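Structure record follows, encoded as structure tokens.
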């Protein structure tokens with residue numbers, strides 16, 4: 001199954017000011033998340049940010065919010081975004097959920113498993129997720145795949161949204177996101 005623009009939404013989980021420095025390769029994660037959010041925004045996907053206990057962990061990083069300032073922000077104390085019971089209609093009406101964020105083994109994992117239980121097709125952007133330890137990140141990815149999530153990379157998301165070189169945005173987006181120095 002491929003990601004389809006008209007059926008998908010991006011859920012960016014808990015990339016917050018006070019939590020980000022604790023994850024492995026925090027600077028790289030922030031750059032990769034910016035890239036993914038920019039691609040999604042340029043392709044017209046709805047986007048939702050979530051924040052885990054923002055009073056203690058801070059808000060979503062401003063660099064991310066600046067890309068999609070109109071995107072709703074879901075505040076939560078439950079680890080799973082689904083358990084909040086306040087997910088925006090733009091998320092619920094789409095069949096495919098593209099997920100990125102942190103921590104992979106806590107909020108991302110629990111959200112993905114709960115989304116799968118509701119019948120959603122979930123694409124986890126493995127290189128735009130992180131945990132404090134590589135072990136927890138890897139184990140969570142394995143568990144999500146075993147539960148039925150589809151693991152993808154940022155470039156897979158881009159190419160699946162474009163579908164081919166004939167897409168009207170291909171030339172512009174390939175120059176912007178595939179040429180020159182890109183986040184690794």
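The table below lists the values:
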| read-out | value |
| --- | --- |
| Antiparallel DSSP beta bridges within the chain, as percent of all bridges there, nearest 5 | 5 |
| Label point distance in nm, residue 7-residue 171, each placed 7 Å from Cα along Cα→Cβ | 3.0 |
| Sorted by Cβ neighbour density within 10 Å, fewest at the top, the residues 1, 102, 144 | 1, 144, 102 |
| Top of 119, 44, 58 by mean-square fluctuation, Gaussian network on the chain, Cα under 10 Å | 119 |
| Candidates 104, 121, 172: whichever shows maximal mean-square fluctuation once the chain is modelled as a Gaussian network with Cα springs under 10 Å | 172 |
| Mean Cα-pair separation over length for the range 115-166, i.e. relative contact order, pairs under 8 Å, 6 or more apart, % | 44 |
| Virtual spin-label span in nm between residue 92 and residue 118, 7 Å along Cα→Cβ | 0.7 |
| Sorted by Cβ neighbour density within 10 Å, fewest at the top, the residues 9, 125 | 9, 125 |
| Ranking of 157, 112 by count of other Cβ atoms within 10 Å, fewest first | 157, 112 |
| For the range 88-184, fraction of C-alpha pairs farther apart than 16 Å, in % | 59 |
| Relative contact order of the chain, pairs being alpha-carbon contacts under 8 Å that are 6 or more residues apart, as % | 26 |
| Label-point separation in nm, residue 31 to residue 17, each point 7 Å along Cα→Cβ | 2.4 |
| Centroid-to-centroid separation of the range 37-86 and the range 106-158 [C-alpha atoms, Å] | 17 |
| Mean projected area (nm²) of the alpha-carbon convex hull when the range 119-174 is viewed from all directions | 5.0 |
| Gained length - residue 63 relative to residue 138, 0.36 nm times residue gap less alpha-carbon distance | 24.4 nm |
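Since every read-out is calculated from the coordinates, none of them should be taken as a lab result. All figures in this text were calculated on a predicted structure; none of them were measured in a lab. A quick note on method: Cβ atoms are made from the backbone with ideal geometry, for glycine too, and the neighbour counts reach across all protein chains shown.
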